Amino acid sequence: MDLIETKLDSTPHFHGVIVDVRTDTVRLPNGQTAGREVVTHPGGVAILPITDDGQALLVRQFRYCVGQVLLEVPAGKLEPGEDPRPAALRELEEEVGVIPDKLEYLGGLYVSPGISTEVIHLYLATGLNQGCRHPDEDEFLNVEAMPFADLLELVMKGQVPDAKTAALVMKAQLLKEREGMK
């Protein structure tokens, strides 16, 4: 069965600093039409930095949209058309003040494919060297170090509600198991 929907019309509603919002009319596989609300976002990067002694470097910050302080991996927004790898290196140094010897790409994830084009590119950073932490002017966060095993346990208990962090921790754990790492 053909599952492709074809855009027939598009109406822009909002142009923001980070996102644009539009409504599309699409033709469904059965020939009918339907509306689709679309949030266009340039994407982002998320990085799990692990020290040589197995500590995960995380940030704790207030997230206005959900009204909570969350524990997260360092992350940031891409500029339109920006290459994710240099962005990951930039965000890692800005938020936690480290520069990795190794930055391993673990894939991209759609954040909410039912409404948004946003893709977050996931990275594992190791061989960390001290850099210079310099968060953005509107970015207030605390850096925390935690044994990776403890972070994994928090994720498994559902105590890390941030999806990018949970996904990145699980991918890193699977990679660790495959490589026979401790």
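The values are calculated or read from the model by the stated rules, or taken from the named source; none is laboratory data. Everything numeric in this text was worked out from a predicted model, so none of it was measured. Because the Cβ atoms are built from the backbone with ideal geometry, glycine has one as well, and the counts that use them run over all protein chains shown.
May I ask you to list pairs of residues, at least six apart or on different chains, whose Cβ atoms are under 8 Å apart, with the first in the stretch 89-111 being free of Cβ contacts under 8 Å to residues at least 12 places away in the same chain and the second being crowded, with 17+ Cβ neighbours inside 10 Å and part of a strand (DSSP E or B)?
Tyr110/Ser116; Tyr110/Val119
If you check Gly31, Gly81, which single one turns out to be small (Gly, Ala, Ser) and modelled with pLDDT under 95?
Values: Gly31 fails: modelled with pLDDT under 95.
Sole residue among the options that is small (Gly, Ala, Ser) and modelled with pLDDT under 95: Gly81.
For the condition modelled with pLDDT under 95 and in contact with a strand residue (DSSP E or B) (Cβ under 9 Å, 6 or more places away or on another chain), what is the one hit in Leu151, Leu128, Leu175?
Details: Leu151 fails: modelled with pLDDT under 95; Leu128 fails: modelled with pLDDT under 95.
One residue alone meets the criteria, Leu175.
Could you list all residues from the stretch 40-60 that are in a strand (DSSP E or B) and either at pLDDT below 95 or surrounded by fewer than 19 Cβ atoms within 10 Å (Cβ to Cβ) (or both)? Explain how you work it out, then say what you get.
First, pick out the residues of the stretch 40-60 that are in a strand (DSSP E or B): 40, 44-50, 55-60.
Answer for the stretch 40-60, where residues must be in a strand (DSSP E or B) and either at pLDDT below 95 or surrounded by fewer than 19 Cβ atoms within 10 Å (Cβ to Cβ) (or both): Thr40, Gln55, Arg60.
For the stretch 61-88, name all the residues that are hydrophobic (A, V, I, L, M, F, W, C) and either under 17 Å from Ile120 (Cβ atoms) or surrounded by 19 or more Cβ atoms within 10 Å (Cβ to Cβ) (or both).
Within the stretch 61-88, the first condition is being hydrophobic (A, V, I, L, M, F, W, C), and the residues that meet it are 62, 65-66, 69-71, 73, 75, 78, 87-88.
Listed by number, the residues that qualify are Cys65, Val66, Leu70, Leu71, Val73, Ala75, Leu78, Ala87, Ala88.
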